[in-house]
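First up is the structure itself, then whatever we jot down about it.
The values are calculated or read from the model by the stated rules, or taken from the named source; none is laboratory data. Not measured: the values here are computed from a predicted model. As a convention, Cβ positions derive from the backbone with ideal geometry for all residues, glycine included, and neighbour counts pool all protein chains shown.
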Amino acid sequence: MEFDRFLHLDGVAKTFDLTEALRPTTLDIAEGSFVSVVGPSGCGKSTLFNVIAGLEQPTTGRVELSGVDVTGQAGHAGYMLQKDLLAPWRTVLGNITMGAHLTRGVTSEDEHRAAALAERYGLGKFLAHYPAALSGGMRQRVALMRTLMTSHQLLLLDEPFGALDAQTRFSMQEWLLQVWAEERRTVLFVTHDIDEAIFLSDRIVVLSDRPGTVVADLSVELPRPRRLATLTEPTFMETKRTILNLLHHEGESA
């Protein structure tokens, strides 16, 4: 299975002291694609993201973006975590423009762009509100818009909906697909929820138990746009069965 090398991981591995967190992992991600990463708890998913983002230096291996070696270098990807990490003393507008505030100062152009994003994605009336006045789903929307404001083509989303209730989570999944379809960023998405991975993704990368490495790279053969009915289609259920079998096997062999 071959993919365009927008993002290329070449034998990336990470060891902390004497603990091997990630075995040599090679992976190619095509530009504009939506790829989810699943695996057992503690298998190195977040470590992999930290290496891609340049927050961790790999013990071995190389990370390339558009053919440029970015190993150990930060600033080439937007990174969103499960916790929204909104600044409670800043408004929605202030939080969306936080990246500019921390690096070079917020311009009127930044504020206009942030306001346009908020308007497009349902928060236009909340720009002057503070995080305490927002629901969990609204806070995650603000966090994602803050990530989009970085203008990075590569977005790393590490369980961004993990703390939300089921109904809000599905609403956010539908919203994220709308944003992705319009923005056409390249998304790498970590989740423990197999249904979520299948519903969102073009591909699903399955990692082994720790030390993690790729044990399967599956194409999701479901048409877009995805709808609630997608969750009960035979292809959806077959893909889920395949992933569950892979994860169960990995858990037994660990």
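Scanning segment 210-239 for residues that are in contact (Cβ under 8 Å) with a residue 60 or more places away in the chain and within 20 Å of the chain's Cα centre (by Cα) yields 212, 213, 214, 217, 219. Here residue 188 does not fit the description of being under 28 Å from residue 13 (Cβ atoms), touching a Cys at 6+ places or on another chain (Cβ under 9 Å), of a type outside the set (Lys, Arg) and surrounded by 21 or more Cβ atoms within 10 Å (Cβ to Cβ).
Given the structure, is residue 140 closer than 26 Å to residue 48 by Cα and assigned by TED's automatic domain parsing to the domain that holds residue 5? Here the answer is no, as residue 140 does not meet what is asked. Residues in segment 58-94 that are of a type in the set (Ser, Thr, Tyr) and either touching a helix residue (DSSP H, G or I) at 6+ places or on another chain (Cβ under 9 Å) or in a loop (DSSP other than H, G, I, E, B) (or both): 59, 66, 71, 79, 91.
Exactly one condition in (1) buried (at least 17 other Cβ atoms within 10 Å of the Cβ); (2) at pLDDT below 95; (3) more than 24 Å from residue 24 (Cβ to Cβ) is false for residue 208; which is it? So the condition that residue 208 fails would be (3). The residue pairs whose first member lies in segment 172-196 and is over 24 Å from residue 123 (Cβ atoms) and modelled with pLDDT of 90 or more, whose second member is outside any strand (DSSP E or B) and among the β-branched types (Val, Ile, Thr), and whose beta carbons are closer than 8 Å, counting only pairs six or more residues apart or on different chains, are 188/52; 194/243.
For residue 114, the conditions (1) without any contact (Cβ under 8 Å) to a residue 60 or more places away in the chain; (2) not in a helix (DSSP H, G or I) are fulfilled apart from (2).
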